[in-house]
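Engineer: Take a look at this one; I'll ask things after.
The values are calculated or read from the model by the stated rules, or taken from the named source; none is laboratory data. The model shown is predicted, which means the values in this text are computed figures rather than measured ones. The accessibility values were calculated without ligands, DNA or RNA, using every heavy atom of the protein model including side chains. Shrake-Rupley method; radii C 1.70, N 1.55, O 1.52, S 1.80 Å.
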Amino acid sequence: MAAPRISAAERRRIAAEEARWRAESDLRTLRQAEEIRRDNARLQRASKVAAEEMRALQAIRAIKRAR
């Protein structure tokens, strides 16, 4: 069964809605990042997790290179 055809106007409307949703999501992300930057304890915990992730990724890279 073929998918129903969507008009060009409908595609533009959907694209505009998606762009709006993406902008709203980006704004939430930026607000959250600012909250984290202002909270030293949160920032330190996030930095610690980031360092752990980097070590894990570097270990995987080392294993991959050893092959």
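Engineer: Shape call for the chain from the C-alpha gyration tensor, a ≥ b ≥ c root eigenvalues: rounded (a/c under 1.5), prolate (a/b greater than b/c) or oblate?
Structural biologist: Oblate, because a/c is 1.5 or more while a/b does not exceed b/c.
Engineer: Separate question: Ignoring ligands, DNA and RNA, what percent of the 1.4 Å accessible area of the chain is carbon and sulfur?
Structural biologist: Numbers: 3700 of 6600 Å².
Of all accessible area on the chain, carbon and sulfur atoms account for 56 percent.
Engineer: Helix 40-66 versus the longest principal axis of the chain: what angle, 0 to 90°, nearest 10, using Cα atoms?
Structural biologist: Here the helix axis deviates by roughly 90 degrees.
Engineer: Calculate how steeply helix 8-38 sits against the longest principal axis of the alpha-carbon atoms of the chain, using the helix alpha-carbon long axis, and give the answer as 0 to 90 degrees to the nearest 10.
Structural biologist: With both axes taken from Cα atoms, the answer is about 20 degrees.
Engineer: Counting only heavy atoms of the protein chains, get the accessible area per residue of the chain (1.4 Å probe) and round it to a whole Å² value. All intermediate terms of the calculation are to be shown ahead of the outcome.
Structural biologist: Working: 6600 Å² over 67 residues.
Roughly 99 Å² per residue, with all protein chains present.
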